Amino acid sequence: MTRSFRRWSRVKSHFPLLSDVEGRLGRNWLEGRQGDRNKALLCGAGQNIRIILRKLSEVLLFFVLYFLF
C-alpha cells in the first residue's frame with residue numbers, strides 16, 4: 001500500500017459520515033476556492049442539522065408515546 005492510501009484510510013475511518021456528505025455535494029455553483037470551502041462548510045452544517053432534527057424527533061416521539069399510554 002502506498003503512504004497516501006494508508007493515510008486516506010486512516011482519515012476515512014475517523015469520518016464515517018463523510019460519504020453521506022459527499023453524496024449531497026452536487027455541483028458547486030460558487031466560484032473559486034473560497035466557493036469550494038463555503039460549499040463544504042454548508043454541507044457539513046446541513047448534515048449536523050439533519051442529525052439534530054432526527055434526535056429531536058425521536059425525543060418528541062418518546063414523550064408523546066409516554067404521555068399517551
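The values are calculated or read from the model by the stated rules, or taken from the named source; none is laboratory data. Quick caveat, the model's predicted, so the values are computed rather than measured. Virtual Cβ from ideal backbone geometry, glycine too; neighbours counted across all protein chains shown.
Values for this structure:
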item	result
Inter-residue pairs, beta-carbon under 7 Å, first in a helix (DSSP H, G or I) and in the stretch 42-62, second surrounded by 10 or more Cβ atoms within 10 Å (Cβ to Cβ) and at pLDDT below 95, 6+ apart	C43/V21; C43/R24; C43/L25; G44/V21; Q47/L17; Q47/D20; Q47/V21
Unique match (being under 18 Å from the mean Cα position of the chain (by Cα) and modelled with pLDDT of 75 or more) among D20, D36	D36
